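The values are calculated or read from the model by the stated rules, or taken from the named source; none is laboratory data. Worth saying up front: this structure is predicted, and the values here are computed from it rather than measured. Positions of Cβ are backbone-derived with ideal geometry, glycine not excepted, and every protein chain shown enters the neighbour counts.
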Amino acid sequence: MRLLSVKVGEYVDKMSVCWVEGQVVQLTRRPGSGTAYLTLRDTDVDMSFSVAIRATALDAMPPLQPGARVVTQVKPVFWPRGGSLQLDARQIRPVGIGELLARLEQLRTTLAAEGLFDRDRKRPLPFLPRTIGLVTGRGGAAERDVVENARRRWPSARFALREVAVQGPTAVTEVCAALAGLDEEPEVDVIVIARGGGSIEDLLPFSNEALLRAVSAATTPVVSAIGHDVDTPLLDLVADARASTPTDAASLVVPDAAQQAAIVGTARERLRTILTAHVHRERERLHHLRSRPVMADPGAYVRAQREVVQGLRGRANHRVEARLARERDGITHLRRHARALSPQATLDRGYAIVAEADGTLVRDPEALDVDDLLRVVVAHGDFAVRVVGADA
């Protein structure tokens, strides 16, 4: 271990002087000592380092308060006996407002280029969330503004409250943890991140890149309600909706019950008016139909049609009877004509039909021989004869 500590110390000694930016977590100055000790924290990665600096360097600048951001020129120093790494500060400067704004503008440009501010990635807020997740400071006015105004608008509004530090070195870590916890709860339909107004330094955690990326990655819609209308942390651009104040956030996440009741009442009146007018029109139409003669005396139409049917039936019977009479006369005529042309009529006049035994008609007596048997057909029967001779 001793050899390893020596090697690490030799390696650290070769490192060059660099500038480090951080947030002051703790400042220790011992009376009569020429050295002061700072604990600086990198809020982006939640890492802290101990910095030793000459007390005269601190006396040459405004008093430092916990939470202030500074830039120090340091040389890494490794202490083999304790196995600890310390930064030996040569210079220290406060991070000015202008420099902070420049850094925020650079971060704004970077995130905008990545599309974190695009409108098409913002999710719509639910009309009436089942539960509202609220991330705010401990016992702050922002909590009362959101909760009281939301319940004034919608008395049954439910909240899942997460109280965190909203400024200082632990603000980003606590807000990100609370956001992740609420994002995993299935009943939470919207998350509000709220705090009151403050200076640029006070609101700096809400422009932290780690927090902004956590909000962008959340699956639940997020509402930013930081400070007053003039305060514009970068969280306002990443969130799905921006409220100018915590009070305004209540009007974004829940509807106004009185206003919704008025809307429903108006819709009911309009529907009642429409239905009444429709029923009135249908009643008038029915009255108009009933006032027609055919509806006043329904049997009149039937009687008229009955007369038409009877007339058609009479005409049909007359035509059928006339046709039958004509056809009957025609049959009688044909019968008489057939009778006049019938062989029976000839036989009735005394003629006879003579045929040989095989049915051949006798037309010439010379074709007969003596003793030929013949069949003679007369009007009322037939009989057989035998040829006995023939006249010369």
| request: Pull up the stretch 122-147, narrow it to residues that are of a type in the set (D, E, K, R) and without any contact (Cβ under 8 Å) to a residue 40 or more places away in the chain, then point me to the one that is surrounded by the most Cβ atoms within 10 Å (Cβ to Cβ). | output: Arg144
| message | Name the residue that is nearest to Thr232 (Cα to Cα), counting only residues in the stretch 242-295 that are over 27 Å from the mean Cα position of the chain (by Cα), in the same structural domain as Gly140 (by TED's automatic domain parsing) and outside any helix (DSSP H, G or I). | response | Ser244
| field | Residues located in the stretch 153-204, provided they are touching a Phe, Trp or Tyr at 6+ places or on another chain (Cβ under 9 Å) and among the basic types (Lys, Arg) | value | Arg195
| request: Look through the stretch 355-378, keep the residues that are of a type in the set (A, V, I, L, M) and in contact (Cβ under 8 Å) with a residue 24 or more places away in the chain, and return whichever of them is nearest to Gly389 (Cα to Cα). | output: Val376
| Here are some residues: Ala322, Ala384. Which one is among the aliphatic types (A, V, I, L, M) and surrounded by fewer than 10 Cβ atoms within 10 Å (Cβ to Cβ)? | Ala384
| (1) modelled with pLDDT of 90 or more; (2) β-branched (Val, Ile, Thr); (3) in contact with a strand residue (DSSP E or B) (Cβ under 7 Å, 6 or more places away or on another chain): which one isn't true of Thr245, the others all being true? | (1)
| request: Go through the stretch 17-41 and give me each residue that's in a loop (DSSP other than H, G, I, E, B) and in contact (Cβ under 8 Å) with a residue 40 or more places away in the chain. | output: Val17
| field | Any chance Val308 is more than 51 Å from the chain's Cα centre (by Cα) and more than 30 Å from Gly381 (Cα to Cα) | value | yes
| Of all residues in the stretch 104-116, which are surrounded by 11 or more Cβ atoms within 10 Å (Cβ to Cβ) and either among the β-branched types (Val, Ile, Thr) or touching a Lys or Arg at 6+ places or on another chain (Cβ under 8 Å) (or both)? | Thr110, Leu116
| request: For residues that are within 15 Å of Leu234 (Cα to Cα) and among the charged types (D, E, K, R), scanning just the stretch 76-119, find the one that is modelled with the lowest pLDDT. | output: Arg103
| Which residues, taken from the stretch 148-170, are within 30 Å of Val24 (Cα to Cα) and surrounded by fewer than 15 Cβ atoms within 10 Å (Cβ to Cβ)? | Leu161
| message | Can you say whether Ala194 is in the same structural domain as Glu105 (by TED's automatic domain parsing), closer than 19 Å to Arg123 by Cβ, surrounded by fewer than 17 Cβ atoms within 10 Å (Cβ to Cβ) and not hydroxyl-bearing (Ser, Thr, Tyr), as far as the supplied structure shows? | response | no
| query | So which of Leu334, Leu374, Leu347 is part of a helix (DSSP H, G or I) and either exposed (fewer than 10 other Cβ atoms within 10 Å of the Cβ) or modelled with pLDDT of 80 or more (or both)? | reply | Leu334
| said: Just checking, does the stretch 352-364 include any residue being of a type outside the set (Gly, Ala, Ser) and assigned to a helix (DSSP H, G or I)? | reply: no
| request: Confirm whether Arg328 is within 30 Å of His380 (Cα to Cα), among the basic types (Lys, Arg) and without any contact (Cβ under 8 Å) to a residue 60 or more places away in the chain. | output: yes
